[in-house]
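Since the structure comes first, as structure tokens, the remarks are kept for the end.
FYI, it's all coordinate maths here, none of it is from the lab. Please read these numbers as outputs of a predicted model, since none were measured by experiment. Methodologically, a virtual Cβ is constructed for each residue, glycine included, from the backbone with ideal geometry; neighbour enumeration extends over all protein chains shown.
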Amino acid sequence: MQIQKAIYDGLDAVEIKTPKARLVIVTQIGPRVAHLSAIMGKGGKSETRNLMFWDAPKKYQRGDWLLRGGHRIWGTRPLADETEECYAADNAPCKVRVGKRGVTITGPKMDAYGVQKTLTVNVLDDYTFEVDSAVTNVGDMLWSGGAWALTATLPKKGTTYGIPLGDQSAWDLFAIVISKSWGGHTTLVNDPQMQLTENCLIVTPKGREFKRMVQAPQGLIGMTDPVEKVSFLKQTEYDPTARYSMNCNLAIYNGPGNFMTEMETLGAEKTLRPGETARTSEIWALRDPVDWKKVVTLKI
């Protein structure tokens, strides 16, 4: 395993490389994971494309906030999963702390909101990472909300996304929330991009804007690229006693024209005293291609 300074899209960054994967976190802004690829072939001679969407031309923005893409931390508020705070610009340099198995990147204080974001990535094995997205109350007042972990991926032709639904228990429940319109965006209720099997929600992006929020006890969402022959999976623990936005712990969003597909894990909302932290801890894994139609349960 190697951890070293790098330049990515003209930005200071840290690169984590194992014999089977390469991950790049930009540190000049963010914090954001900008790149994730699998290293394949005998002796690691080939590498897949970047599985993440990264907006190098800076085409998508809202005021001073740049979408950029990659993986970012979104601080939500109770009863409002999207607020001005979510779109606060994160264009300033971060602090970097390198450890034995990974790196911690801390963004500057967001003085207007009294919070600070921290992203920690540790290597578990050649194919697997622990990714912790955290929001800390650095003010002297109470703060309430949750830490969402949003990962913008780049779908190619034939890419499929899946969310295993129930837990196969005697009381096997799940929920799907559909936002027909929100903030100038829309999604169809009867959308042909979505398929439901008995055990899985499957999305095949076909160019139309699409969003679903899901309460799924397995806490797993993933993509399968049939050309690169790899799946990228994210999983986080679900707490049935916690409060989640719309009572959902996962979400998937597809942008118009398939410019990106976001895999989102939603952290539980809570009240933070000064110095306390809300976090969403995920396991990321690169795996052999998953056939979502055959999935019943799936665990990294």
* **Computed over the chain: relative contact order in percent, which uses C-alpha pairs under 8 Å that are six or more apart** => 18
* If contacts are Cα pairs under 8 angstrom and at least 6 residues apart, what is the relative contact order of region 102-197 in percent? -> 14
* Asked: Relative to the present Cα-Cα distance, how much length would full extension add between Glu237 and Glu130 at 0.36 nm per residue of separation?
  -> 37.3 nm
* How do Ile7, Ile221, Ile105 rank when sorted from fewest to most other Cβ atoms within 10 Å of their own Cβ? -> Ile7, Ile105, Ile221
* **Computed label-point distance, nm, for sites Val98 and Thr197 using a 7 Å Cα→Cβ extension** => 4.3
* Asked: Counting other Cβ atoms within 10 Å of each Cβ, which chymotrypsin sites (Phe, Trp or Tyr not before Pro) in region 150-184 have at most 10 and sit in a DSSP loop?
  -> Trp171
* Filter on Lys20/Lys229; Lys5/Lys42; Lys59/Lys234; Lys95/Lys117 - keep pairs with C-alpha separation over 19 Å -> Lys5/Lys42; Lys59/Lys234
* DSSP-assigned coil residues among trypsin sites (Lys or Arg not before Pro) in region 104-170, each with at most 16 further Cβ atoms within 10 Å -> Lys109, Lys156, Lys157
* Asked: Measuring from label point to label point, each 7 Å out along Cα→Cβ, what is the Ile176 to Met141 span in nm?
  -> 4.0
* Asked: If we count other beta carbons within 10 Å of each Cβ, what is the order of Thr297, Thr236, fewest first?
  -> Thr297, Thr236
* To do: Please report Met110, Met40, Met52, Met1 as a ranked list, fewest other C-beta atoms within 10 angstrom at the top and most at the bottom.
  => Met1, Met40, Met110, Met52
* For region 1-122, what is the relative contact order in percent, using Cα pairs closer than 8 Å and at least 6 residues apart in sequence? -> 19
* **Cα centroid separation - region 1-54 against region 212-291, whole Å** => 21
